[in-house]
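The values are calculated or read from the model by the stated rules, or taken from the named source; none is laboratory data. Predicted model only: the values in this text are computed from it and were never measured. Quick reminder, even Gly has a Cβ in these numbers, built from the backbone with ideal geometry, and neighbours come from all protein chains shown. Areas reflect the complete protein model, heavy atoms only, side chains present, ligands, DNA and RNA absent. Shrake-Rupley method; radii C 1.70, N 1.55, O 1.52, S 1.80 Å.
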Amino acid sequence: PQEPVELFLPVGTSVGIRPNDLVGAITNEAGIPGHLIGKITVLDHKSFIGVPPDVAEHILRQVPRIEIRGRLVPISRSFGRGGPSSAAPSPGGHSPYFNKKKR
């Protein structure tokens, strides 16, 4: 199994964000199944979500901002908790795990 990539969102408990809010937003906006979402950490002003590298690439390419509890929040790769992530896009940029979101 590949080492998870941690994604960073600049919102947290100070604005009422809960782990379930993050799971719901990621699954709905990015079209990925919830079982691919790993460890979630929600702090006062920031949150971290662990996902497989190909899922991270999909999210960062397709959904650079996500709506969570009425707020449009940017998503980026986290580099501050254990060093840079080494996510490489999957060959062809596709993964069998997600459905494209129709807009």
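Of all residues in segment 1-24, those satisfying the criterion of being of a type in the set (Gly, Ala, Ser) and surrounded by 14 or more Cβ atoms within 10 Å (Cβ to Cβ) are 12, 24. For segment 4-35, the set of residues classified as in contact with a Pro (Cβ under 8 Å, 6 or more places away or on another chain) and in a helix (DSSP H, G or I) consists of 27 only. Does residue 50 fit the bill of being open to solvent by 40 Å² or more (accessible area, probe 1.4 Å), out of contact with any helix residue (DSSP H, G or I) (no Cβ under 8 Å at 6 or more places or on another chain) and small (Gly, Ala, Ser)? Against the criterion (open to solvent by 40 Å² or more (accessible area, probe 1.4 Å), out of contact with any helix residue (DSSP H, G or I) (no Cβ under 8 Å at 6 or more places or on another chain) and small (Gly, Ala, Ser)), residue 50 does not qualify.
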